[in-house]
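Working notes, beginning with the structure itself.
The values are calculated or read from the model by the stated rules, or taken from the named source; none is laboratory data. Here the structure is a predicted model, which means the values were calculated and not measured. Note that each Cβ is placed from the backbone with ideal geometry, even for glycine, and that neighbours are counted across all protein chains shown. Heads up: the accessible areas ignore ligands, DNA and RNA and are worked out on the full protein's heavy atoms, side chains in. Shrake-Rupley method; radii C 1.70, N 1.55, O 1.52, S 1.80 Å.
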Amino acid sequence: MSNPSANSNCQIQFIEVNKSFAEVQVLHDINFCIEKGQFVTLIGGSGSGKTTILKMINGLISPDSGHIMVDGVDIVGKGESAMIALRRNIGYAIQESALFPHMSVEKNIAYVPTLLNAGDRQRTYDTVRKWLGIVRLDESILPRYPDELSGGQKQRVGIARSLAANPEILLMDEPFGAVDEITRKQLQTEIKRIHTETGVTIVFVTHSISEALKLGTQVMVLEDGRIVQFAAPEEVKAAPGSAFVRELLEDY
């Protein structure tokens, strides 16, 4: 039976989601809807629940109560095979890119497509080069290993790898936090372009209010495990939803 609060317009929906670790409640009655094609940035202090929400979307963390709907399916309590199928449709990019150090750039990007393409080497070959082009890296980088790359190159390869299976959802956990400011601005421009070109739904965790406002079509502000504002960047700037949001904007 479908949950009566479920919204068919939502690609990702949380309904009354709660989560505690030990004695600490990190999420309190979280409710939100993310429609297909949105770029949602999550911002808040350390321990506000940003990464917990991100990991719940692909089933790495389960809630204590509530419902998490992805493409209309409640993923809470599903078995491991269902979770594997779910994650095949969700890309995941994190800080430091988490590339496999013993694999070349080509093998890193090809890792998931190789599993999905059932031995179709030409299809995997084409996929790798397609995404390498989208993140604006030259094919000459393909034989190199992660320790031979700059920080910006690593992040671009990480983004290409997370998108190589053509997921409908891309989760990004502070992906640009470990690079210098010039590279960060370049990567921000690139991810906005990729979002426009592909239409992928992006959920992006950041500690930077300027990054959140620059990238997001919607900005979710979290404080102590509660959503204090979820609105377009223009609305957040024009009408801060709480004293905490106003404090964040002082640094903008």
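Tabulated data for the structure shown
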quantity: Boolean, G152 is open to solvent by less than 40 Å² (accessible area, probe 1.4 Å), farther than 24 Å from F244 by Cβ and within 15 Å of the chain's Cα centre (by Cα); calculated: no
quantity: Residue match in the stretch 182-191 (condition: out of contact with any Pro (no Cβ under 6 Å at 6 or more places or on another chain) and in contact (Cβ under 8 Å) with a residue 40 or more places away in the chain); calculated: yes
quantity: Which numbered condition P146 fails, given (1) more than 30 Å from E181 (Cβ to Cβ); (2) touching a residue at least 24 places away in the same chain (Cβ under 8 Å); calculated: (1)
quantity: V236 vs. criteria part of a helix (DSSP H, G or I) and in contact with a strand residue (DSSP E or B) (Cβ under 6 Å, 6 or more places away or on another chain); calculated: yes
quantity: Single residue of the stretch 106-130 satisfying the filter (surrounded by fewer than 18 Cβ atoms within 10 Å (Cβ to Cβ) and charged (D, E, K, R)) that is farthest from Q153 (Cα to Cα); calculated: D120
quantity: Of all residues making up the stretch 212-233, the number that are assigned to a helix (DSSP H, G or I) and closer than 27 Å to N18 by Cα; calculated: 3
quantity: Those residues of the stretch 143-162 which are of a type outside the set (S, T, Y), touching a Ser or Thr at 6+ places or on another chain (Cβ under 7 Å) and assigned to a loop (DSSP other than H, G, I, E, B), in sequence order; calculated: P143, R144
quantity: The stretch 191-241 - residue that is open to solvent by 20 Å² or more (accessible area, probe 1.4 Å), of a type outside the set (S, T, N, Q) and under 15 Å from the mean Cα position of the chain (by Cα) and, of those, farthest from G47 (Cα to Cα); calculated: G199
quantity: Number of positions in the stretch 123-142 that are part of a loop (DSSP other than H, G, I, E, B), out of contact with any Leu (no Cβ under 9 Å at 6 or more places or on another chain) and either more than 12 Å from I109 (Cβ to Cβ) or touching a residue at least 40 places away in the same chain (Cβ under 8 Å) (or both); calculated: 1
quantity: Single match in G133, G158 (criterion: of a type in the set (G, A, S), open to solvent by less than 30 Å² (accessible area, probe 1.4 Å) and at pLDDT 90 or above); calculated: G158
quantity: Residue within the stretch 163-178 that is out of contact with any Gly (no Cβ under 6 Å at 6 or more places or on another chain), open to solvent by 40 Å² or more (accessible area, probe 1.4 Å) and in a helix (DSSP H, G or I) present; calculated: no
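Residues are listed down the side, and each one gets a yes or a no for (1) within 15 Å of V76 (Cα to Cα); (2) open to solvent by less than 30 Å² (accessible area, probe 1.4 Å); (3) modelled with pLDDT of 95 or more; (4) not aliphatic (A, V, I, L, M):
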site	(1), (2), (3), (4)
V17	yes, yes, yes, no
Q25	no, no, yes, yes
H28	no, no, yes, yes
I34	no, yes, yes, no
Q38	no, no, yes, yes
L42	no, yes, yes, no
S46	no, no, no, yes
K55	yes, no, yes, yes
